[in-house]
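Below is one structure, written out as structure tokens, with a few remarks after it.
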Amino acid sequence: MTFEATGRSLADFTVELDVYSGPYEWLLALILKDELEIFEVPLRELVGLYAGSRDPEAPNALDRDTDFAGSAAALILLKSRTLSPATDPEADGEDAVAATPEELAERLQQYLKIRRAAEDLRDRFARAAGHHPSAHVVPPKPGRLRVAEDRVTLAARRTFSRLIEPPVAHLGPITVTVQELAGLIRAGLLRGPVSFEDLTRGMDRLRSAVAFAAALSLAQEGSVKLLQPEPLGALTLEPSEPSPR
Amino acid sequence: MTERAPAPEHLLEAVLLVSARPVPTADLASATGLPPDEVEAALANLAGRYSPGTSGVVLRAAAGGYLFSTNPACSAAVERFREEARPAPLSGAAHEVLACALYLGPLTRGAVSRVRGVNSDAVVRNLLERNLLAEIGADREAPGAPALLAVTDEFLAATDAASREDFPPLDALVSQEELDRVRERLTSAEEPQTGDSQTGDSQTGDSQTGEPQVEAPGSGAT
């Protein structure tokens with residue numbers, strides 16, 4: 001005897017229920033993912049639909065019947081378990097205390113009223129179901145939008161609060177100026193072109209940065225040429241040609 | 001040549017035509033510039049003109065305002081024209097959750113579940129998506145400040161109710177006799193000397209005696 005993989009024998013079984021319409025397998029998936037409450041699924045109607053669509057002559061009829069019986073039994077088990085009151089031994093609070101018959105009666109009476117109200121609502125929904133409102137949807141005016149109190153408070157706090165100034169205590173006093181290093185560059189160029197690397201050798205990062213700013217400043221005023229053959233390559237400074245008199 | 005000022009009914013018709021939601025009388029008066037009593041009188045005239053027996057469009061008083069809707073008798077034609085099916089009717093569980101929110105609300109999901117006896121989160125989620133329920137605040141006293149649920153204006157419009165007062169009082173839905181019978185069943189079932197197994201199993205009611213059928217909480221669509 002050999003067994004072959006049966007695959008998804010119920011893949012072509014679709015159902016039409018009030019709460020769902022589509023493939024049966026998707027219905028199972030929705031229930032398992034809690035997207036659809038098991039109480040909303042009428043199991044008796046589901047079985048009736050399957051019985052109505054059943055083809056006993058189909059080659060996989062036995063597989064289909066078996067799969068459906070298995071899944072339907074699981075749904076019944078799931079539904080009955082969910083209906084049973086929770087029996088968590090570690091639960092505390094008032095729900096854990098066994099309800100007296102009086103309390104149970106109160107709850108059941110309350111539920112009976114809600115059940116009747118639900119029936120009344122069902123009739124009301126059914127009576128009003130044929131009304132279709134105007135298709136014109138006017139966008140809400142900004143002034144009539146619902147304003148969340150929390151968001152208004154947050155916006156006001158942001159608007160009226162003073163920005164915190166960043167701490168600068170770790171910064172030392174400024175000891176070098178652009179003019180000072182511009183003079184140093186001019187002096188260096190008296191002997192001819194000089195590389196920026198040679199010019200700033202021995203300087204700290206602050207002085208190197210200010211020296212670069214000074215070189216740019218001199219280049220902008222036309223007293224120095226900056227030569228850099230390739231991007232990020234060596235930078236050479238050379239004096240500009242003296243303007244003809 | 002001077003243009004004649006439009007009649008109050010015409011002004012109201014125009015405003016109501018472009019609104020998909022119920023428009024309160026005060027908003028109609030504000031939009032049209034008519035005094036409130038004139039708005040009321042014009043609305044009464046329009047209600048006669050736009051009634052199910054005289055027009056394919058009806059004027060409805062719903063959710064604290066007025067709106068134009070199609071006549072339910074013409075709904076099939078409208079649905080064919082729009083090429084859309086009517087939304088699936090709500091389940092029994094959904095009606096129960098809405099009844100909880102309407103009569104006992106605003107209340108939390110947990111309170112709904114306690115009344116129904118089963119977890120109702122999935123149903124609540126579905127009703128929130130359909131705009132029939134809304135979270136209108138939070139229960140600050142409860143741990144975690146869970147959201148409070150209440151029915152919406154869309155719910156009132158969908159049930160053809162002008163306001164919450166249009167619904168019958170909760171206590172009027174079940175007679176005191178029925179309530180007493182439920183209590184009696186439960187309390188008598190606890191007494192061992194009764195020895196009546198049928199009575200002890202009578203939460204689902206005894207249809208042979210014509211007594212009300214009270215299913216276990218949450219068994220809406222079983």
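The values are calculated or read from the model by the stated rules, or taken from the named source; none is laboratory data. Quick caveat, the model's predicted, so the values are computed rather than measured. With ideal geometry, Cβ positions are generated from the backbone for all residues, glycine too; neighbour counts draw on all protein chains shown.
Write out, first by first residue and then by second, each pair whose Cβ atoms fall under 6 Å of each other, whose residues are 6+ apart or on separate chains, and whose first residue, in segment A:106-117, is within 7 Å of another protein chain (Cβ to nearest Cβ) while the second is outside any helix (DSSP H, G or I).
Going by the 6 Å Cβ cut-off, the qualifying pairs are A:TYR111/B:PRO217; A:LEU112/B:VAL174; A:LEU112/B:VAL214; A:LYS113/B:LEU173; A:LYS113/B:VAL174; A:ARG116/B:LEU173; A:ARG116/B:VAL174; A:ALA117/B:LEU173.
Could you pull out the residue among B:LEU67, B:LEU12, B:LEU34 that is over 20 Å from the mean Cα position of the chain (by Cα), surrounded by 19 or more Cβ atoms within 10 Å (Cβ to Cβ) and not assigned by TED's automatic domain parsing to the domain that holds B:LEU128?
Exactly one of B:LEU67, B:LEU12, B:LEU34 is over 20 Å from the mean Cα position of the chain (by Cα), surrounded by 19 or more Cβ atoms within 10 Å (Cβ to Cβ) and not assigned by TED's automatic domain parsing to the domain that holds B:LEU128, namely B:LEU12.
Test A:THR175 against the criterion of being assigned to a loop (DSSP other than H, G, I, E, B) and of a type in the set (Ser, Thr, Tyr), and give yes or no. Let's see the steps before the verdict.
Values: assigned to a loop (DSSP other than H, G, I, E, B): yes; of a type in the set (Ser, Thr, Tyr): yes.
Yes: the conditions hold for A:THR175.
Here are some conditions: (1) out of contact with any His (no Cβ under 9 Å at 6 or more places or on another chain); (2) within 23 Å of B:ARG21 (Cβ to Cβ); (3) in contact (Cβ under 8 Å) with a residue 12 or more places away in the chain. B:ALA44 meets all but one. Which one does it not meet?
Condition (3) is where B:ALA44 drops out.
For segment B:133-159, what are the residues that are buried (at least 19 other Cβ atoms within 10 Å of the Cβ), in contact (Cβ under 8 Å) with a residue 40 or more places away in the chain and within 12 Å of chain A (Cβ to nearest Cβ)?
B:VAL151, B:PHE155, B:LEU156, B:ALA157
Any idea which residue in segment B:111-126 is nearest to B:LEU148 (Cα to Cα), counting only those that are in a loop (DSSP other than H, G, I, E, B) and either of a type in the set (Ser, Thr, Tyr) or touching a Pro at 6+ places or on another chain (Cβ under 6 Å) (or both)?
B:SER120
Are any of the residues in segment A:142-154 part of a helix (DSSP H, G or I), acidic (Asp, Glu) and modelled with pLDDT under 80?
Yes, segment A:142-154 contains at least one residue that is part of a helix (DSSP H, G or I), acidic (Asp, Glu) and modelled with pLDDT under 80.
Just to be sure, is A:SER21 within 14 Å of chain B (Cβ to nearest Cβ), within 20 Å of B:LEU127 (Cα to Cα) and either surrounded by 15 or more Cβ atoms within 10 Å (Cβ to Cβ) or of a type outside the set (A, V, I, L, M, F, W, C) (or both)?
So A:SER21 passes the test.
Collect the residues in segment B:74-94 that are part of a helix (DSSP H, G or I) and either at the interface with chain A (Cβ under 7 Å from one of its Cβ atoms) or among the β-branched types (Val, Ile, Thr) (or both), keeping them in residue-number order.
Result: B:SER75, B:VAL78, B:GLY92, B:ALA93.
Restricting to segment B:68-89, give me the number of residues that are hydrophobic (A, V, I, L, M, F, W, C) and in contact (Cβ under 8 Å) with a residue 40 or more places away in the chain.
Matching residues across segment B:68-89 total 1.
Filter segment B:55-73 down to the residues that are part of a loop (DSSP other than H, G, I, E, B) and either facing chain A (nearest Cβ under 10 Å) or at pLDDT 90 or above (or both) and list them by number.
Hits for segment B:55-73 are B:SER55, B:GLY56, B:ASN71.
What are the residues in segment B:95-115 that are within 24 Å of A:LEU78 (Cβ to Cβ) and at the interface with chain A (Cβ under 7 Å from one of its Cβ atoms), if any?
Of everything in segment B:95-115, those that are within 24 Å of A:LEU78 (Cβ to Cβ) and at the interface with chain A (Cβ under 7 Å from one of its Cβ atoms) turn out to be B:HIS95, B:GLU96, B:CYS100, B:VAL115.
May I ask you to say which residue of A:GLU16, A:GLU35 is within 24 Å of B:ARG86 (Cα to Cα), touching a Gly at 6+ places or on another chain (Cβ under 9 Å) and surrounded by fewer than 19 Cβ atoms within 10 Å (Cβ to Cβ)?
Values: A:GLU35 fails: touching a Gly at 6+ places or on another chain (Cβ under 9 Å).
When all the criteria are applied, what remains is A:GLU16.
Just to be sure I understand, how many residues within segment A:15-60 are part of a helix (DSSP H, G or I) and among the charged types (D, E, K, R)?
The qualifying residues number 4.
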